[in-house]
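Enquirer: This is the structure, below, for whatever I ask next.
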Amino acid sequence: MQQTANLRRHRTIGESPRQRFERDERQTLKSLAPAPYPRLYAVSPNPAAKRTASPIEVQRRPLSAYADAIR
């Protein structure tokens, strides 16, 4: 894919996907999270025991909070 498809000129965009990625998208990428995200389920200390899902708390935020985050 890297040596063939991403180097070919795409008929729709008129350039190779690789050129477009390097010019328009690479600079907008952000680094990965500095620490792993917390688990969404509880793991039993006994591996033979069945996994039981713990309640998941969902944070509800207004859409404006996400708009502020990307500014």
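All of the numbers you see were taken from the coordinates with simple rules; none came from a lab. Please read these numbers as outputs of a predicted model, since none were measured by experiment.
Enquirer: Per 0.36 nm of contour for each residue apart, how much would the distance between VAL58 and GLU22 grow if the chain were fully extended, relative to their Cα-Cα spacing?
Expert: 9.4 nm
Enquirer: Could you pull out every residue, at least 5 positions away or on a different chain, whose amide H is within less than 5 Å of the one on SER16? Hs are placed 1.01 Å off N in the peptide plane, and Pro or chain starts have none.
Expert: HIS10
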